[in-house]
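Contents: one structure, followed by commentary.
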Amino acid sequence: MDNRTSLVDLAIRYGFLVLMAALIVFFGIMAEGFLTPFSAVFILQSVAITGILALGVTATLVVGGFDLSIGAVATSALMLSSYVMVVWEMSALSAVLICLAMGAFVGLINGLLVVKMRVPDLLATLGMMFLLVGAQRIPTEGRSISTGMSLPDGSVANGKFSEAFLALGRHRIDFIAPNLVPLSVIFLIAIAIGVWVFLETTRHGRLMYAIGSNQQAASLAGANVNRYKIVAYMISGVLASVGGILLAARLGRGDVASGNNLLLDSVAAALIGFAVLGASKPNAFGTAIGALFVGILLQGLTMMNAPYYTQDFVKGAVLVIALVFTFALSGRGGRARG
């Protein structure tokens, strides 16, 4: 019985990492060129924006919430930054600051709806998602934003994306090979480390975990539950805006349809993170590994010429496996709490 328990504990703790290592070996053998620095960088670049959004989702999960508006916030930042530079002809710095302020404001509204108006988090953020999806299309009547486009009032947008802004999504730095690592990957690594340090090593992070685990007990211990919940949603909004800014910088246009999969992919990465090292709770390290796992899987399938329409099925299967590691093997029910 003890041996069986030990095996289950090992499976819970290391099973997902072993599965990821097995995938890397499998694709390395089956897909020529998979085990190269360029392939690795492509994987990291493909998951950079999703990973940043997933870290925002993680912040809300930590306090017992959930943010369904994160994909819409990212797309709104994509459209807003494009509008600021192309239509209003303002600088890259202005576009970035306005988008970050927008994300913080949306997070603040989400937080107030949840803690002050007592609206369930899923309903509050779902409503915000629909509101933003509609609002981002109104100024251009549903069209993408690019230099020379005709505006609803008949004028022409003469502004353009500055080189400094485009560098956020396109610039690469030297690492092993010249111009290898995209700047967006550096942003992901820096943000993941920052969120991990904040949640795992600071008093505020521990209080946020305490709120997610037992809100009433945390309140009795003196934690300002409402304030921390609002801050969590604001963190989510700001990180979603960062993702939208990087996507706009990569595309060089305000493509209204480019963020369609951001919500599902980021939520999947955050939930997969529950299974990493048997955490059974939202955590920044697990979320980053979850995003990387999905990236490895999709890159390997692409290099093996698997049909594109199988990708959502594969992502769903991975999520189910992660949840099995998290809940079934550990014998827990309901939403995991730290």
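The values are calculated or read from the model by the stated rules, or taken from the named source; none is laboratory data. Predicted model, so just to flag it, every value in this text is computed and none were measured. Because the Cβ atoms are built from the backbone with ideal geometry, glycine has one as well, and the counts that use them run over all protein chains shown.
Remarks
Rundown of residues vs (1) aliphatic (A, V, I, L, M); (2) at pLDDT 95 or above; (3) surrounded by fewer than 21 Cβ atoms within 10 Å (Cβ to Cβ), yes/no style:
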residue: 200; (1), (2), (3): no, no, yes
residue: 243; (1), (2), (3): no, yes, no
residue: 252; (1), (2), (3): no, no, yes
residue: 275; (1), (2), (3): yes, no, no
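- Test: residue in region 118-125 that is acidic (Asp, Glu) and either in contact with a Ser or Thr (Cβ under 8 Å, 6 or more places away or on another chain) or in contact (Cβ under 8 Å) with a residue 12 or more places away in the chain (or both): yes
- Among the candidates 59, 74, 54, residue that is small (Gly, Ala, Ser), under 20 Å from residue 253 (Cβ atoms) and crowded, with 24+ Cβ neighbours inside 10 Å: 74
- Within region 120-163, restricting attention to residues that are among the hydrophobic types (A, V, I, L, M, F, W, C) and touching a Gly at 6+ places or on another chain (Cβ under 8 Å), the residue that is farthest from residue 252 (Cα to Cα) is 129.
- Single match in 249, 221 (criterion: closer than 28 Å to residue 158 by Cβ and either touching a residue at least 40 places away in the same chain (Cβ under 8 Å) or over 21 Å from the mean Cα position of the chain (by Cα) (or both)): 249
- Restricting region 139-192 to residues that are among the β-branched types (Val, Ile, Thr) and closer than 23 Å to residue 44 by Cβ, the residue that is surrounded by the fewest Cβ atoms within 10 Å (Cβ to Cβ) is 176.
- Test: residue in region 23-42 that is assigned to a helix (DSSP H, G or I) and closer than 30 Å to residue 144 by Cα: yes
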